Amino acid sequence: MSYHVQLEVNGRRHEREVEPRMLLVHFLREELGLTGTNVGCETSLCGACTVLVDGAAVKSCTQLAVQADGASITTIEGLATNGELHALQQAFWDLHGLQCGYCTPGMILAAADLLERNPDPDDGEIREALKGNVCRCTGYHNIVRAVRRAAEGGAA
Amino acid sequence: MTRNRVIGTSVKRREDPDLITGRGRYTDDLTRPGMLHLAIVRSPYAHAVVGRIDATRALEVPGVVAVYTAADLEASGIPGVVPTAWLLPDLKTPPHPLLAKDRVRYVGDGVALVVADSRYSARDGADLVEVDYEPLQGVSNPRKATEAGAPQLFDEAPGNIAFDWELGDAEATDRAFEGAATVAKVALRNNRLIPHAVEPRAALAEWDRSAGSVTIHMTSQNPHVHRLLMSLASLGLPEHKIRIVAPEVGGGFGSKIHHYPDEALAAWCAMQLDRPVKWTATRSETNMTDAHGRDHVTEAEIALDEDGRIVGLRANTWAAMGAYLSTFAPAVPTYLHGTLLSGQYAIPAIHVHVFGVFTSTTPVDAYRGAGRPEATYIVERLLDRAADETGLDAAEIRRRNFVPPDAFPFQTQVALAYDSGNYAPALDRALEMAGYDDLLAEQSRRRADGDGPLLGVGLSSYIEACGIAPSQVVGSLGAQAGLWESAKIRVHPTGSVTVYTGSSAHGQGHETTFSQIVAEKLGLDVDQVDVVHGDTREVQFGMGTYGSRSAAVGGSAIVTGLDKVIAKGRRIAAHMLEAATEDVVFEDGAFQVKGVPDRAKAWGEVVLAAYLAHDLPEEMEPGLEATSFYNPSNFTYPFGTHVAVVEIDRETGVVRLVRYVAVDDVGNVINPMIVDGQIHGGIAQGVGQALWEEAVYDDDGQLLTGTMLDYALPRAHNLPSYELDRTVTPCPHNPLGVKGVGEAGAIASPAAVVNAVVDALFHLGVRHLDMPLTPEKVWRAMKEGGRS
Ligand code: FES
Ligand code: FES
């Protein structure tokens with residue numbers, strides 16, 4: 001049995017027939033080849049797979065592709081505009097907010113969701129907002145700095 | 001004109017543009033036409049006899065292509081095992097087969113393989129393989145496993161003892177304790193940890209039937225070591241018929257050093273089916289099968305004279321090996337642990353006794369710090385216990401016992417010779433940053449007033465042995481490998497450079513750091529240097545990245561390679577300038593006659609001359625390229641003092657880490673931004689061990705923390721920002737004066753945090769608590785006080 005889904009990813013429309021049990025993250029990675037979204041746990045506990053679904057951060061391993069039917073999705077590949085890095089991407093680079101980079105796409109998109117809701121968060125608010133995203137490399141120190149830097153520079 | 005220096009500056013990482021835009025390619029991102037997916041059927045029992053395996057229903061799943069068991073592996077004639085690479089004297093080495101045959105020995109032991117045309121079908125198939133198990137009793141605690149009546153995992157290892165190892169002078173230590181004014185003890189558990197690289201392990205194997213060779217892209221910290229072990233013990237293909245590539249690797253922390261069955265099994269399936277096969281661990285597979293860390297039971301004591309000077313130290317440790325001996329497992333609780341028990345201190349008598357014990361659990365091996373955090377934890381807990389017993393201040397007792405700066409090189413009583421060190425300045429700086437005296441005053445105030453959370457301050461003055469390792473030394477200690485590093489410097493005709501290094505990165509930023517070394521030495525821009533790593537076809541050989549060795553050993557190999565290139569350049573330049581080679585120096589990117597700056601040839605001119613070869617010195621080969629193998633003459637010895645400040649809620653026992661100060665001495669620093677990042681990450685992992693993390697097994701060996709839901713990882717809201725500084729005592733025996741930084745944070749921080757928590761509870765009679773310091777444990781200790 002397969003279902004028809006149609007959605008917009010990074011401004012491009014896609015239509016596919018998918019198994020109803022296919023996770024959104026597998027749809028993005030394996031159907032669309034957008035492998036920037038990573039999988040760390042498949043159980044909604046690490047945040048590596050975070051994308052924006054209609055503007056809100058969603059762990060794409062907790063959603064089925066069919067549930068995203070009709071949605072507009074932004075993945076890490078769609079964050080830069082016209083080759084110019086998003087303020088969060090730039091700040092993560094400038095302030096060493098990543099090491100292995102595996103958590104980074106999810107971390108950046110979770111932070112983008114925060115800055116959308118709260119353009120001027122303090123460190124405590126940043127840390128709270130990112131508690132669903134595990135980073136095993138950075139100890140979070142530079143991630144927090146990077147998000148604050150992006151906020152100061154106007155990330156939205 | 002002198003160029004700006006490149007070494008010592010925070011050059012932004014060249015790795016990042018791909019990683020922040022989603023262009024980075026990790027193993028699971030790779031696909032191939034016709035690719036199949038492998039799922040592994042794993043034992044749900046810690047210890048059981050395996051009976052009949054029935055694949056009938058699995059094979060009916062649409063998309064399932066094949067199901068294999070140990071019998072199929074055997075029939076294919078491959079060696080089929082996963083060996084340990086560190087042979088201690090009298091080590092028991094029962095074989096670890098790629099798939100369990102008659103018996104499983106831990107939850108997660110593989111018993112069958114299902115290959116299918118999609119990830120989902122492979123897992124469906126794996127769920128339907130029926131395996132008959134006859135459960136046996138298991139055992140998870142390494143000390144209990146040695147007791148009479150414990151279930152026996154291997155006939156060849158009576159009492160489950162894999163090895164029985166001692167270091168130091170037992171008699172001298174006994175005498176020291178007999179004559180001591182004060183003896184302080186601690187009985188502790190170093191909690192078992194699951195590494196949790198955020199990227200699960202994965203492999204994509206491709207078989208080239210015509211060439212008879214297999215290419216494996218995999219999550220590896222050391223592709224050449226994996227190739228060697230695959231060749232010798234697992235697949236039986238000659239080494240030159242195996243290519244291992246580590247693409248982007250999403251963290252390792254040790255877990256991707258070791259050679260496991262799974263990646264070899266993917267390769268074997270690809271060879272059987274003549275199609276690309278990918279295996280990617282689920283998180284629960286990762287938690288069951290990535291080698292765990294730590295898991296020691298230790299009794300230790302320290303003896304002091306009436307002046308509070310340490311006269312002896314003794315430790316007995318039962319170290320879990322898990323169900324099989326992993327790659328470096330026997331080295332971790334012995335040569336990376338027992339040898340560190342002198343800490344930063346001049347201790348005249350030390351004795352350590354370690355039992356390596358088989359338990360029906362996931363194998364245990366090197367995890368960030370590997371042995372050194374366990375040693376530091378013992379020593380630094382003992383120093384605090386000694387402070388308790390003598391009434392000395394925690395900082396003072398450390399200072400009084402430091403190896404003095406004029407005593408280096410310092411021969412410890414446990415084999416290591418510390419090459420350099422100056423410990424007091426790091427302690428002083430850390431205390432100053434923390435505001436130590438004010439904190440203690442505030443602590444007394446809160447105790448007296450009974451208001452506000454309890455406050456605790458903990459110190460950890462650690463040492464590590466990094467830059468692993470001098471080959472001759474490790475050879476004499478049982479390593480089946482020399483732990484040198486290789487580099488190839490290829491200078492292109494137009495003067496730019498490609499460096500091939502055997503040190504393979506997984507988040508450390510080697511490409512940036514190594515390009516800084518080359519740029520500095522050759523007077524180039526960093527953009528004129530490319531760094532290649534992580535591919536056995538590109539790089540001649542290499543030992544990989546672990547043990548904080550990449551800068552100290554890999555970086556030194558690059559420097560010695562550059563020296564060879566420069567030496568040849570000087571001969572060419574001398575020939576061009578009609579000068580004697582001895583009179584030509586290489587400075588600021590040019591070869592010039594000493595003292596005559598206008599008699600000079602630019603780097604580019606000399607390089608081009610080497611390739612044109614129109615007029616080279618007699619008998620000189622054209623071209624400019626050098627290979628070097630750097631074998632360190634000693635370990636390096638980073639050190640420092642960390643200070644943790646905790647607050648404990650008096651009602652709930654919740655511990656909050658409110659400040660963390662770290663002063664580290666890692667020698668010269670190539671890229672301060674990267675070095676600080678390494679410290680940050682290490683601190684978080686060590687704090688995680690102290691406060692939240694533990695791989696919990698029931699007594700039988702059932703894993704109770706198999707998911708990220710049950711295993712508490714440090715998250716952003718649990719941690720403060722860290723306060724860092726450093727002192728610089730360059731390593732005297734490598735050309736960069738660097739010591740290594742990857743593990744320092746994880747080595748120092750568990751002791752700092754536990755010392756802080758015990759300090760906060762000291763007035764209630766608490767003298768020790770085992771990690772992790774969960775609210776329940778702390779709450780009980782507050783209620784029960786000195787009984788703990
Ligand atoms: S992969 Fe989705 S939260 Fe971990
Ligand atoms: S950078 Fe490696 S997990 Fe965050």
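The values are calculated or read from the model by the stated rules, or taken from the named source; none is laboratory data. It should be emphasised that the depicted structure is a prediction, and the values quoted were computed from it without experimental measurement. Because the Cβ atoms are built from the backbone with ideal geometry, glycine has one as well, and the counts that use them run over all protein chains shown. Surface accessibility is based on the protein's heavy atoms, side chains included, excluding ligands, DNA and RNA. Shrake-Rupley method; radii C 1.70, N 1.55, O 1.52, S 1.80 Å.
Things to note:
- Only one entry in B:52, B:13, B:5, B:32 is in a loop (DSSP other than H, G, I, E, B) and within 28 Å of residue B:260 (Cα to Cα), namely B:32.
- Selected residue (criterion: surrounded by the fewest Cβ atoms within 10 Å (Cβ to Cβ)) from residues of the stretch B:42-65 that are over 26 Å from residue B:232 (Cβ atoms) and in contact with a helix residue (DSSP H, G or I) (Cβ under 7 Å, 6 or more places away or on another chain): B:62
- Within the stretch B:505-521, not a single residue is part of a strand (DSSP E or B) and not assigned by TED's automatic domain parsing to the domain that holds residue B:339.
- Qualifying residue in the stretch B:762-769 (condition: under 17 Å from residue B:460 (Cα atoms), touching a Lys or Arg at 6+ places or on another chain (Cβ under 9 Å) and without any contact (Cβ under 8 Å) to a residue 24 or more places away in the chain): yes
- Within the stretch B:725-742, the presence of a residue that is surrounded by 24 or more Cβ atoms within 10 Å (Cβ to Cβ), over 24 Å from residue B:404 (Cα atoms) and not small (Gly, Ala, Ser) is excluded.
- Checked against the criterion of being outside any loop (DSSP other than H, G, I, E, B), among the small types (Gly, Ala, Ser) and touching a strand residue (DSSP E or B) at 6+ places or on another chain (Cβ under 6 Å), the candidates B:760, B:695, B:690, B:684 yield just one match: B:760.
- Only one of B:498, B:536 that is more than 14 Å from chain A (Cβ to nearest Cβ), in contact (Cβ under 8 Å) with a residue 12 or more places away in the chain and closer than 25 Å to residue B:254 by Cα: B:536
- Complete set of residues in the stretch B:486-502 that are under 11 Å from residue B:561 (Cα atoms) and either surrounded by fewer than 20 Cβ atoms within 10 Å (Cβ to Cβ) or polar (S, T, N, Q) (or both): B:486, B:490, B:501
- From A:22, A:1, residue being at pLDDT below 95 and either crowded, with 19+ Cβ neighbours inside 10 Å or among the hydrophobic types (A, V, I, L, M, F, W, C) (or both): A:1
- Qualifying residue in the stretch A:27-43 (condition: among the charged types (D, E, K, R), surrounded by 22 or more Cβ atoms within 10 Å (Cβ to Cβ) and within 9 Å of chain B (Cβ to nearest Cβ)): yes
- Test: residue in the stretch B:193-204 that is under 30 Å from residue B:535 (Cβ atoms), away from chain A (no Cβ under 14 Å), assigned to a strand (DSSP E or B) and open to solvent by 10 Å² or more (accessible area, probe 1.4 Å): no
- When residue B:79 is tested against (1) of a type outside the set (D, E, K, R); (2) buried (at least 20 other Cβ atoms within 10 Å of the Cβ); (3) within 33 Å of the chain's Cα centre (by Cα), just one condition goes unmet, and that condition is (2).
- Every residue from the stretch A:131-156 that is in contact with a Phe, Trp or Tyr (Cβ under 7 Å, 6 or more places away or on another chain) and either more than 20 Å from residue B:509 (Cα to Cα) or hydrophobic (A, V, I, L, M, F, W, C) (or both): A:146
- The helices (runs of 4 or more DSSP H) found wholly in the stretch A:102-154 and carrying at least 2 residues that are within 19 Å of residue A:77 (Cα to Cα) and facing another protein chain (nearest Cβ under 7 Å) occupy A:104-117.
- Of residues in the stretch B:689-724 being in contact with a Ser or Thr (Cβ under 9 Å, 6 or more places away or on another chain) and of a type in the set (Gly, Ala, Ser), the one most open to solvent (accessible area, probe 1.4 Å): B:712
- Tally, over the stretch B:695-751, of residues that are under 24 Å from residue B:673 (Cα atoms), away from every other protein chain (no Cβ under 14 Å) and among the small types (Gly, Ala, Ser): 2
- Test: residue in the stretch B:221-235 that is in the same structural domain as residue B:67 (by TED's automatic domain parsing), within 16 Å of ligand 2 (Cβ to nearest atom) and open to solvent by less than 10 Å² (accessible area, probe 1.4 Å): yes
- The residue that is nearest to ligand 2 (Cβ to nearest atom), counting only those in the stretch B:260-285 that are surrounded by fewer than 24 Cβ atoms within 10 Å (Cβ to Cβ) and part of a loop (DSSP other than H, G, I, E, B), is B:281.
- Answer from A:46, A:61 - the residue that is in contact with a strand residue (DSSP E or B) (Cβ under 9 Å, 6 or more places away or on another chain), under 30 Å from residue B:675 (Cβ atoms), within 16 Å of ligand 1 (Cβ to nearest atom) and hydrophobic (A, V, I, L, M, F, W, C): A:46
Yes or no, residue by residue, for (1) more than 12 Å from ligand 2 (Cβ to nearest atom); (2) open to solvent by 10 Å² or more (accessible area, probe 1.4 Å); (3) touching a residue at least 60 places away in the same chain (Cβ under 8 Å):
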{"position": "A:84", "(1), (2), (3)": "yes, yes, no"}
{"position": "A:93", "(1), (2), (3)": "yes, yes, no"}
{"position": "A:126", "(1), (2), (3)": "yes, no, no"}
{"position": "A:140", "(1), (2), (3)": "no, no, no"}
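- Only one of the listed residues (A:11, A:47) is away from chain B (no Cβ under 14 Å), at pLDDT 95 or above and either touching a Lys or Arg at 6+ places or on another chain (Cβ under 9 Å) or open to solvent by less than 70 Å² (accessible area, probe 1.4 Å) (or both). That residue is A:11.
- Residue check, residue A:78 facing another protein chain (nearest Cβ under 7 Å) and either away from ligand 1 (no atom under 16 Å from the Cβ) or among the basic types (Lys, Arg) (or both): no
- Just one of the listed residues (A:115, A:95) is more than 16 Å from ligand 1 (Cβ to nearest atom) and within 15 Å of the chain's Cα centre (by Cα), and it is A:115.
- For the residues B:705, B:652, the requirement of being assigned to a loop (DSSP other than H, G, I, E, B), hydroxyl-bearing (Ser, Thr, Tyr), away from ligand 1 (no atom under 16 Å from the Cβ) and under 25 Å from residue B:287 (Cα atoms) singles out B:705.
- Taking every residue in the stretch B:627-652 that is within 30 Å of residue B:490 (Cα to Cα) and pairing it with any residue that is charged (D, E, K, R), at least 6 positions away or on another chain, the pairs with Cβ-Cβ distances below 6 Å are B:627/B:488; B:630/B:485; B:634/B:419; B:636/B:739.
- Test set (1) within 14 Å of chain A (Cβ to nearest Cβ); (2) away from ligand 1 (no atom under 16 Å from the Cβ); (3) open to solvent by 10 Å² or more (accessible area, probe 1.4 Å) - residue B:249 fails condition number: (3)
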